[in-house]
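In what follows, a structure is listed as structure tokens, so that the remarks can point back to it.
The values are calculated or read from the model by the stated rules, or taken from the named source; none is laboratory data. Keep in mind the model is a prediction, meaning the values are calculated, not measured. Cβ placement follows ideal geometry from the backbone for every residue including glycine, while neighbour counts extend to all protein chains displayed.
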């Protein structure tokens, strides 16, 4: 057993703060997040004149927040920084503890327990009692064993790093595969054989005529506002060739768009909230177009009066800032904010095909163009102006079926990647158990360090 005072020694290098001198100040983040520069100040602006100087490589902890993991090693760039008496700085006794082993040991439950037990006082005014802390006893293997343990840990980390790199590479390839599937879908390449066996399919041009006729009737019945003419498509806009019976068109020509209606927020005005009507905002949308079945808020009758219910199957599209292009499919009737536009289902459109179109690289590029332009949001006309390659309605269904089959294969590959990640972590854990097996007094530390090192390695 060793006392903490055997492995670290308090360093009290006093400094008198002088006017006209610039000083670096230190802060220690909680939850093991380390020591960083809080900022620099001119001496005349610093109230406490009697402080202490610290050096790179020293160990430092916060008297107040050590029990919350506020301690760490001072980086070299903070050499000469100053601290008040609210911090304790120590030199590491490398005759007793190897520095690398000490860095590992700092994040163990054993060390945190010492900080918690040494923190005395009322709940909100607990501070580390230095004497109790330094006299706290810990299990510590001899230097030779520490050195061997660190070598084994570092070797295991290196193997895990290689595995993680390969897993990340596989994930990147899988992402490219998904985009390639969607791109081939919207170019008609996935259904070349389907078209060969369905030569009498109604061309997309005829589908567009029927859609326009239906919209005209909805306008006449005052169920739909009259639409502004959409811009003509120029040859320069067309990015690739499409099959003969397809058509390039504006999204608004094919789909029925409607902007959400409601701008109040629960924090600002609560009188509309707390009723039976599900209400979502852009936080419910994601890059994948997931089905939304629950909502963080609900509207009451007063809220519904200033909002609008969109039917299940509506595709929600975010039109604000960095969320532009995020998607969601309503799993039930819901209301949503005016920062979202809905693509409503009709008898002449295929919602699954529209979702695939919106997730494709073609749409992603067009959405990204608005983000790069510096616009904080996109308007409804921006969405309706999006250029899309439109297949016949029956071929849209065939495309959806084939894309879904290929995406199911991608999901199986994702599971394999997740399995590889878990397997890599288990391999590291096995190496750590073997590395620490000979240090029986350290069993609790070993288990803690195994868990921590795996967790940290997987974060990197």
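Checking each residue of the range 106-117 against the condition of being farther than 16 Å from residue 9 by Cβ and outside any helix (DSSP H, G or I) gives at least one match.
The condition of being more than 15 Å from residue 383 (Cβ to Cβ) and either outside the structural domain of residue 309 (by TED's automatic domain parsing) or in contact (Cβ under 8 Å) with a residue 60 or more places away in the chain (or both) does not hold for residue 349.
Flag: residue 237 matches the condition of being touching a residue at least 24 places away in the same chain (Cβ under 8 Å), under 30 Å from residue 192 (Cβ atoms) and touching a strand residue (DSSP E or B) at 6+ places or on another chain (Cβ under 8 Å). Remark: residue 40 matches the filter, which requires a residue to be touching a residue at least 12 places away in the same chain (Cβ under 8 Å), touching a strand residue (DSSP E or B) at 6+ places or on another chain (Cβ under 6 Å) and farther than 22 Å from residue 7 by Cα.
Being assigned to a strand (DSSP E or B) and either buried (at least 17 other Cβ atoms within 10 Å of the Cβ) or free of Cβ contacts under 8 Å to residues at least 60 places away in the same chain (or both) is a property that holds for residue 275. Show the residue pairs that are 6+ apart or on different chains and have beta-carbon atoms under 8 Å apart, the first residue being within the range 14-26 and in contact (Cβ under 8 Å) with a residue 60 or more places away in the chain, the second being part of a loop (DSSP other than H, G, I, E, B) and buried (at least 16 other Cβ atoms within 10 Å of the Cβ). Pairs found: 17/46; 26/54; 26/74; 26/81. Residues that are surrounded by 13 or more Cβ atoms within 10 Å (Cβ to Cβ) and farther than 27 Å from residue 359 by Cα within the range 278-301 comprise 298, 299, 300, listed in sequence order. Within the range 311-341, the set of residues being part of a loop (DSSP other than H, G, I, E, B) and either within 23 Å of residue 360 (Cα to Cα) or free of Cβ contacts under 8 Å to residues at least 40 places away in the same chain (or both) comprises 311, 312, 313, 314, 319, 324, 325, 326, 331, 339.
Per-residue answers, yes or no, for (1) under 27 Å from residue 150 (Cβ atoms); (2) surrounded by 15 or more Cβ atoms within 10 Å (Cβ to Cβ); (3) touching a helix residue (DSSP H, G or I) at 6+ places or on another chain (Cβ under 6 Å); (4) not assigned by TED's automatic domain parsing to the domain that holds residue 71:
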site: 96; (1), (2), (3), (4): yes, yes, yes, no
site: 100; (1), (2), (3), (4): yes, yes, yes, no
site: 113; (1), (2), (3), (4): yes, no, no, no
site: 120; (1), (2), (3), (4): no, no, no, no
site: 124; (1), (2), (3), (4): no, no, no, no
site: 131; (1), (2), (3), (4): no, no, no, no
site: 134; (1), (2), (3), (4): yes, yes, yes, no
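For residue 304, the requirement of being surrounded by fewer than 19 Cβ atoms within 10 Å (Cβ to Cβ), in a helix (DSSP H, G or I) and either in contact (Cβ under 8 Å) with a residue 24 or more places away in the chain or not assigned by TED's automatic domain parsing to the domain that holds residue 250 (or both) is met. Scanning the range 307-330 for residues that are over 22 Å from residue 377 (Cβ atoms), in contact with a strand residue (DSSP E or B) (Cβ under 6 Å, 6 or more places away or on another chain) and crowded, with 16+ Cβ neighbours inside 10 Å gives a single hit, 309. The set of residues in the range 122-175 that are touching a strand residue (DSSP E or B) at 6+ places or on another chain (Cβ under 6 Å) and either over 21 Å from residue 104 (Cα atoms) or in a helix (DSSP H, G or I) (or both) comprises 126, 128, 129, 135.
Do we find a residue being touching a helix residue (DSSP H, G or I) at 6+ places or on another chain (Cβ under 9 Å), assigned to a helix (DSSP H, G or I) and under 30 Å from residue 247 (Cα atoms) anywhere in the range 189-202? Yes, the conditions are met somewhere in the range 189-202. Could you please let me know if residue 62 is more than 24 Å from residue 150 (Cβ to Cβ) and within 35 Å of the chain's Cα centre (by Cα)? It is true that residue 62 is more than 24 Å from residue 150 (Cβ to Cβ) and within 35 Å of the chain's Cα centre (by Cα). Can you find even one residue in the range 287-300 that is without any contact (Cβ under 8 Å) to a residue 40 or more places away in the chain, assigned to a strand (DSSP E or B), in the same structural domain as residue 253 (by TED's automatic domain parsing) and under 27 Å from the mean Cα position of the chain (by Cα)? Looking for residues that are without any contact (Cβ under 8 Å) to a residue 40 or more places away in the chain, assigned to a strand (DSSP E or B), in the same structural domain as residue 253 (by TED's automatic domain parsing) and under 27 Å from the mean Cα position of the chain (by Cα), one finds at least one in the range 287-300, hence yes. For the range 74-94, a tally of residues being in contact (Cβ under 8 Å) with a residue 12 or more places away in the chain and not in a strand (DSSP E or B) returns 12.
The residue that is nearest to residue 112 (Cα to Cα), counting only those in the range 11-21 that are surrounded by 12 or more Cβ atoms within 10 Å (Cβ to Cβ) and either touching a strand residue (DSSP E or B) at 6+ places or on another chain (Cβ under 7 Å) or not assigned by TED's automatic domain parsing to the domain that holds residue 113 (or both), is 11. Could you tell me which residue of the range 1-16 is modelled with the lowest pLDDT, considering only residues that are part of a loop (DSSP other than H, G, I, E, B) and farther than 11 Å from residue 83 by Cα? Ranking the qualifying residues of the range 1-16, first place goes to 1. Hey, among the residues in the range 218-230 that are farther than 11 Å from residue 253 by Cβ and surrounded by 11 or more Cβ atoms within 10 Å (Cβ to Cβ), which one's modelled with the lowest pLDDT? Looking at residues that are farther than 11 Å from residue 253 by Cβ and surrounded by 11 or more Cβ atoms within 10 Å (Cβ to Cβ), I get 224.
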